[in-house]
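FYI, it's all coordinate maths here, none of it is from the lab. On a predicted model such as this, the values are computed, not experimentally measured, just so you know. Note that we place each Cβ from the backbone using ideal geometry, even for glycine, and neighbour counts take in every protein chain shown.
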Amino acid sequence: MIHVIDNPTHDPRWADLLGRHPCASVFHTPAWLEALRRTYGYEPVAVSTSNGDRIENGLVACRVRAWGANRVISLPFSDHCEPLASMPERAALVEGLVRLARERGWGPVELRPRSPVDDVGVGGLRAVRTYCLHDLDLAPDLPEILDGFHPSSGQRAIRRAEREGITHESGTSDEQLRAFFELLRMTRRRHGVPPQPIAWFGNLRDTMGPHLRIHLARRDGRPLAALFMLSFRNTAVYKYGGSDASSHPLGVMPFLFWQAIQAARAAGATTLDLGRSDSDQHGLIAFKDHLGATRSHLTYYGESNRTMSHGHTWMRRIADRVVSAAPDSALDLAGRLLYRHLG
């Protein structure tokens, strides 16, 4: 029997499950769910086959109300969200979430597990999109980790940045958040899409507390690159990044990742989750490969791929028309209007 947890953000049983389950990630946490709610109005819900004062498994998702494509996503803006259950329980949870969404008229379900769904067809879901996922093992000594970097685009790039006087800092101040956002905007503009609203990053900072750090690279005080990092237990997560393209020849990005790796390892992390990459983002995939990370496949599942492509179609239309020439204020407005409909 499936039991519904209508507000896992404030249900102590959900936090207790996360503390016990080995597959729990930062994307399952009440802090992440609360930032989604504050920024986009997404309503979290979880299903479990157990009930009472303690639950033994769970699958969390959010309702996304979008232009012509209302749906349930596990989870929006999350690279992956593993069902916290054994395989037999997992199938029951997926079927229960699909049934709940249909009963309440929430729309089709999208599932974004970290590990593949073996019995495709559970709950009527099928594979609809595949990404690359990279993880870097932080357990070895630092010299061994650095040896895993590409000799030219990694190790020599770091030495170049050091010779050029690039400096590193980390924190969560308003100034650092603004510097990160402006660099993110530059990067998103190059890619032809608007940035997510700055409120999203501010809400993450407020809800995540010490589990969030912004890493900045500067030269003569000017921000050149930034990484937006999260953490949960022994895993550091690279979630967002931005840079001034003119600084790339200085080796600023490998330098900044190396600084973030050292900081994560010093904080007790044994794994760095470098996140997903679209299969056609060959440059990004190569960059993560050159950090010595291990590549794997990440598959998303849905009742159809129509709703999953809906937001991307809107984004491409906007990008083709306005992004390259839009002033910053217009680009930011587009992000505030569009992203809540994407998930």
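The amide H of Ile5, built 1.01 Å from its N in the peptide plane, has Ala46, Val47, Ser48 as neighbours under 5 Å, considering only residues 5 or more places off or on other chains.
Once the Cβ-Cβ distance of Val4 and Leu337 is raised to the sixth power relative to R0 = 35 Å, the FRET efficiency obtained is 0.65. So what's the back-of-envelope 222 nm ellipticity for the chain, counting only DSSP H runs of four-plus at -39500 (n - 2.57) apiece and dividing by all residues, rounded to 500? Mean residue ellipticity, 222 nm, calculated: -11500 deg cm²/dmol. I'd like the orientation of helix 30-40 relative to the chain: the angle between its Cα long axis and the longest Cα principal axis, in ° from 0 to 90, rounded to 10. In the chain, helix 30-40 runs at an angle near 90 degrees to the longest axis.
Fully extending the segment from Ala15 to Glu175, taken as 0.36 nm per residue of separation minus the present Cα-Cα distance, adds 54.4 nm.
Subtracting the Cα-Cα distance of Thr130 and His191 from 0.36 nm times their residue separation leaves 20.0 nm of extension gain.
In sequence order, region 89-95 has phi-based couplings of 5, 4, 4, 5, 5, 4, 4 Hz under the Karplus curve 6.51 cos²θ - 1.76 cosθ + 1.60, θ = phi - 60°, and Gly or Pro positions carry x.
Exposure proxy shown here: for Asp332, Asp280, Asp289, the number of other Cβ atoms within 10 Å sets the order, fewest to most, as Asp280, Asp289, Asp332. Each residue of region 148-164 was assigned a 3J(HN,Hα) from its phi angle through the Karplus expression (A = 6.51, B = -1.76, C = 1.60, θ = phi - 60°), giving x, 5, 4, x, 8, 6, x, 5, 5, 5, 5, 5, 4, 4, 5, 5, 7 Hz with x at Gly and Pro.
Spacing of the modelled spin labels on Glu144 and Gln281, each 7 Å from Cα toward Cβ, amounts to 2.9 nm.
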